[in-house]
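Chemist: I'd like to ask some things about the structure below.
The values are calculated or read from the model by the stated rules, or taken from the named source; none is laboratory data. Predicted, not measured: the structure shown is a model, and the values here were computed from it. Quick reminder, even Gly has a Cβ in these numbers, built from the backbone with ideal geometry, and neighbours come from all protein chains shown. Quick note on the areas: whole protein, heavy atoms, side chains included, nothing else; ligands and nucleic acids left out. Shrake-Rupley method; radii C 1.70, N 1.55, O 1.52, S 1.80 Å.
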Amino acid sequence: MLLIGISSSILFEYAYQKLRKKRITVNDGTAAVTGMLMGLSLPVTAPFWALLLGTAFAIIVVKQLGGGTGRNLFNPAVSARVMLKVFFTPWITNWVLPGGGVDAVSTATPLEFIGHTARTVSPEVPSLWNLFLGIDLGGNVGETSKLLIIIGMIYLVVQKIITPAIPLLYIGTLAIIMFLYSGFNVDFMMTHVLSGTLFFAAVFMATDYSSGALTLKGKMFFAVGCGLLTAFLRIVFNLPGGVGFAIIAMNMIAPWLDKQCTPRIYGHEKIIRIRGSREPHS
């Protein structure tokens, strides 16, 4: 799935730019990253045609038609994942327990037992330790082991590729809300934190440069907003996860957040009023 996701994303970007006679940008690695995230965002039972459809939508519709690298309003991988979930749910949410192969008996995601107004943890939900390590846990390829995701986050932070503020604020906001909503039930809170795509999306998707906020305060508000919306969608609607919808919603207001959080230059307007139009100003 990783091989198909990465190679098809590179091919779709190259073909589109070649046909449109645009500058070829596959060497910048962004298409490969999108393809990798798409491969990790689906379960092992997802058919390859669904993965190809997702990468085509992410690269051509969201990324290229959206302006290309650095000009995307929406995160390509998140948008494609949401599109597939909305239109092709029977094929991409058929969770299976590991070890039984693709023909194993389907299993529900833990979020189906703790979402939609639930305030307690069902006995059918795996233990917190199993949720953390990804033991006997069905789900998307990249979301099961939170330990491996944390290792990946530490590497990205050390390499100064992402700031830890975004994933920590995202996860922390959802944790606080679930803690208060459940009546201070730590087990319920931690089950929500360790279930679903929260960790994966907070580290690898909410930290996207082009579709997120650019200012420091904007990034913080963006992360908190993602946490608030994810918690709202999990509590109110029978919608396991809700992470993708939350990130897309925050992508839409990211430019507004940057506008509100941009530092003001005090005295600039006063100088303009005194000088009028007789002297040029920038």
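Chemist: Would you mind counting up the charge near SER41? Only other residues with Cβ under 13 Å from its Cβ, with Lys and Arg at +1 and Asp and Glu at -1.
Modeler: After counting each charged neighbour, the total is +1.
Chemist: Continuing with the same structure: Which three extents, in whole angstrom, do the alpha-carbon atoms of the range 155-202 cover along their principal axes, largest first?
Modeler: 39, 17, 12
Chemist: Using the Kirkwood formula over every pair of different C-alpha atoms, what hydrodynamic radius in Å results for the range 1-64? Can you show the working numbers first?
Modeler: On the way: mean 1/r = 0.0873 Å⁻¹.
About 11.4 Å for the range 1-64.
Chemist: Follow-up question, since we're still on this one. Rounded to two decimals, what ratio of Rg to Rh does the range 147-239 give with C-alpha atoms and a Kirkwood Rh? Intermediate results must be reported in sequence, preceding the final value.
Modeler: Values: Rg = 13.3 Å, Rh = 13.6 Å.
Rounded to two decimals, Rg over Rh is 0.98.
Chemist: Moving to a separate point now. Counting pairwise Cα distances across the range 133-175, what percent come out greater than 11 angstrom?
Modeler: The calculated P(r) of the range 133-175 puts 69 percent of pairs beyond 11 Å.
Chemist: Please report the net charge: other residues with Cβ closer than 12 Å to the Cβ of THR55, K and R +1, D and E -1.
Modeler: That works out to +1.
Chemist: Shifting gears a bit: If the chain between VAL44 and SER122 were fully stretched, how many nm would it gain, using 0.36 nm times the residue separation less the Cα-Cα distance? Provide the component values of the computation, followed by the final result.
Modeler: Details: separation 78, 0.36 × 78 = 28.08 nm, distance 2.54 nm.
Separation in residues times 0.36 nm, less the Cα-Cα distance, equals 25.5 nm.
Chemist: For a quick check of understanding: with a 1.4 angstrom probe and all protein chains in place, what accessible area in square angstrom does ASP208 have, to the nearest ten?
Modeler: Counting only protein heavy atoms, ASP208 exposes about 50 Å² to solvent.
Chemist: May I pose another question? How many percent of the alpha carbon pairs in the range 177-223 exceed a separation of 16 Å?
Modeler: Percent of Cα pairs beyond 16 Å in the range 177-223: 53.
Chemist: Given Cα pairs under 8 Å that are at least 6 residues apart, what percent is the relative contact order of the range 140-248?
Modeler: Reported relative contact order: 31 percent.
Chemist: Same structure again: Report the net charge of residues surrounding ILE154, where surrounding means a beta-carbon distance below 13 angstrom and charges are Lys +1, Arg +1, Asp -1, Glu -1. Don't skip to the answer; put the middle values down first.
Modeler: Details: positive: LYS146, LYS160; negative: none.
Within the 13 Å Cβ shell, the charges total +2.
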